[in-house]
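Have a look at the structure below before the remarks.
The values are calculated or read from the model by the stated rules, or taken from the named source; none is laboratory data. Remember, predicted model here, so these are calculated numbers, not experimental data. All Cβ positions, even for glycine, are placed from backbone atoms using ideal geometry, and neighbour counts span all protein chains on display.
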Amino acid sequence: MSDVPALVSTAWLAERLSAPDIRIVDASHYVPTVQRDAREEYEECHIPGAVFFDIDEIKDTKSPYPHMMPPPEVFSSKVRRLGLGDGNHIVVYDGNGGASAAARVWWMFRVFGNSNVSVLDGGMPKWLREGRPTDDMPPIPRERHFTPRIDTTLIRTAEDVLKEVETGRAQVADARSAGRYRGDDPEPRAVSRQGHIPGSVSLPFLDLMDPRELTMKDPAEIKACFAAAGIDLSKPLTATCGSGVTACVIALAAELIGKSDVAIYDGSWAEWAERPEFPIESGHPPTPLDHHAATTE
């Protein structure tokens, strides 16, 4: 296990911008319904030294689903060219408040055996609010060797999830909004079916964050969110969402309260909805976050 914290503050990073072992990653990403260009924004303004990690590029390009994990050799090749390798402490942020695609990239590195990775709490919005330094100059990364050691316990296929819900072997938590979970609200990308995986529970990822600062809630509040969703933290847990991105916020939140073994269903609803052999359910009692629009993965 690494001693590197899963979450670091903007003040912590500001003090270490020039530290030789720190590598900063901008993982900003926006769903198709949001008219923002993450790469363009990165080129105009980023934390000094940050490289851009594009989850639409560093993925399994042969898969029909949006953000499936790439083969180890592909991941290794891509991150090596970004200067992200063995021995680095990687700090990831995004433009959504720090815990959307940043959490996805945090999880990806963990799957491939690198636990020396942290998410910047509050991300770019908090960094900018505090008037901290930014840059528009592209860094010139120095290639660094990355050794992938895949941890299969942190990733699930559709077949794995079906077995989990059929047998009760693991709990499944859905990070989408309650309206999308019920099937009432549209998905941000076209799918043929709406609803949720039978037996899964609704845990909108925004429940785990401060609604004003978009920072992660404190451990006591996070535990209360899991309890309110009916999740037993002593038992196995798999997280899902729209395309395997915000599910990683559930994994990050669990990590902050000492549960490091949350798996992610990589294909999530983008896959499940398009495979008619997999059952779906719809409907659920309302939750406090019904008003959030379908603007996240």
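Under 7 Å between Cβ atoms, which residue pairs at least 6 apart in sequence (or on different chains) link something in the stretch 254-268 that is assigned by TED's automatic domain parsing to the domain that holds LEU206 and touching a residue at least 12 places away in the same chain (Cβ under 8 Å) with a partner that is among the polar types (S, T, N, Q) and outside any loop (DSSP other than H, G, I, E, B)?
Pairs that qualify, where the first residue is assigned by TED's automatic domain parsing to the domain that holds LEU206 and touching a residue at least 12 places away in the same chain (Cβ under 8 Å) and the partner is among the polar types (S, T, N, Q) and outside any loop (DSSP other than H, G, I, E, B), are ASP261/THR153; ALA263/THR153; ALA263/THR238; TYR265/THR238; TYR265/THR240; SER268/THR240.
Search the stretch 15-33 for residues being surrounded by 14 or more Cβ atoms within 10 Å (Cβ to Cβ) and out of contact with any strand residue (DSSP E or B) (no Cβ under 9 Å at 6 or more places or on another chain), and hand back the single one that is modelled with the lowest pLDDT.
Residue satisfying both the conditions and the ranking: VAL31.
Name the residue that is nearest to THR246 (Cα to Cα), counting only residues in the stretch 156-185 that are outside any helix (DSSP H, G or I) and hydrophobic (A, V, I, L, M, F, W, C). Before you say what the answer is, go through the steps one by one.
In the first step, residues of the stretch 156-185 are kept if they are outside any helix (DSSP H, G or I); the result is 156-157, 168-177, 183-185.
Those still in the list that are hydrophobic (A, V, I, L, M, F, W, C) too: 170, 172-173, 175.
Working: ALA170: 19, VAL172: 14, ALA173: 11, ALA175: 6 Å.
Among those residues, the one meeting the criterion is ALA175.
Quick grid of which residues meet (1) among the polar types (S, T, N, Q); (2) within 21 Å of THR240 (Cα to Cα); (3) assigned by TED's automatic domain parsing to the domain that holds GLU255:
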| residue | (1), (2), (3) |
| --- | --- |
| GLU15 | no, no, no |
| VAL31 | no, yes, no |
| ALA50 | no, no, no |
| PRO66 | no, yes, no |
| ASN116 | yes, no, no |
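Report yes if SER100 is crowded, with 16+ Cβ neighbours inside 10 Å, hydroxyl-bearing (Ser, Thr, Tyr), closer than 16 Å to ALA253 by Cα and modelled with pLDDT of 95 or more, otherwise no.
Details: crowded, with 16+ Cβ neighbours inside 10 Å: yes; hydroxyl-bearing (Ser, Thr, Tyr): yes; closer than 16 Å to ALA253 by Cα: yes; modelled with pLDDT of 95 or more: no.
Considered against the rule, which asks whether it is crowded, with 16+ Cβ neighbours inside 10 Å, hydroxyl-bearing (Ser, Thr, Tyr), closer than 16 Å to ALA253 by Cα and modelled with pLDDT of 95 or more, SER100 comes out as no.
Only one residue in SER76, SER63 is at pLDDT 95 or above, surrounded by 14 or more Cβ atoms within 10 Å (Cβ to Cβ) and under 25 Å from GLU255 (Cβ atoms). Which one?
Values: SER63 fails: under 25 Å from GLU255 (Cβ atoms).
Answer to the selection: SER76.
Hey, can you tell me all the residues within the stretch 218-269 that are of a type in the set (A, V, I, L, M, F, W, C) and assigned to a loop (DSSP other than H, G, I, E, B)? Step through it out loud before you land on a result.
Initial filter on the stretch 218-269 (of a type in the set (A, V, I, L, M, F, W, C)): 220, 222, 224-229, 231, 233, 237, 239, 241, 245, 247-254, 256-257, 262-264, 269.
ALA229, ILE231, LEU233, CYS241, VAL245, ILE257, VAL262 - these are the residues of the stretch 218-269 that are of a type in the set (A, V, I, L, M, F, W, C) and assigned to a loop (DSSP other than H, G, I, E, B).
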